[in-house]
Amino acid sequence: GHAHGGAVSGVNLFPYTENVNKQVRVAYQAGPWLDWYFEPKRDGVMHRVRPYQAVTLVADANQRWGSLQWAFQFNSLLDEPAKWRLGTAALASLRLFEGLAFNLMGQAALVRDQLSLRARPLTDTDLLLGNVQQATNFNVQLEFALSYTFGSVHDTIVNPRFGRLDLEED
């Protein structure tokens, strides 16, 4: 499992009154990255604490027809700068009619920070279930879904607060 802490600071490039319709935010995060493992990793550790940093650019737009969200992030370990990740992700939501939407999500990343590769070899079951991290330099994911939302018409308002903004699968 992961636990993350640290300072987050950011700024929205549009006035606060525009938050309902559009935002472009830049955030910087720094702090400890804590991992606990169920079995030893390739370097023999069962847990670790490392200092990390992340810079994220996020753009959101909400319109009557739906919404678009895009994020771009660079993160790295402060004590080992060669361990880094560069990723992007996007979500398009098209309102088909009141409450029902078609969602298309995708993400891609250059991966140079894999720390959670386990020591023992992967089994066929591990590969089939896809619940174990495999060694890679590049990650691509594409998903689509239908969603139904009910309640206030303001449910889709972009939340301007800066939370954890990771694109990582780690």
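Odds and ends about this structure:
- Tyr148-Leu110 pseudo-label distance in nm [points 7 Å out on the Cα-to-Cβ vector]: 4.4 nm
- Each of the peptides 51-58, 86-93, 98-105, 122-129 was scored by the mean count of other Cβ atoms within 10 Å over its residues; in descending order, highest first, they stand as 51-58, 86-93, 98-105, 122-129.
- Nonlocal amide H pairs with Leu78, under 5 Å, H built at 1.01 Å: Tyr52, Gln53
- Rolling a 1.4 angstrom probe over the protein heavy atoms with all chains in place gives segment 26-144 an accessible area of 60 Å² per residue.
The values are calculated or read from the model by the stated rules, or taken from the named source; none is laboratory data. The structure presented is a predicted model; accordingly, all values stated were derived computationally and were not measured. Cβ: placed from backbone, ideal geometry, glycine included. Neighbour counts: every protein chain shown. To get the accessible areas, we keep the full protein, side chains included, count just its heavy atoms, and leave off ligands, DNA and RNA. Shrake-Rupley method; radii C 1.70, N 1.55, O 1.52, S 1.80 Å.
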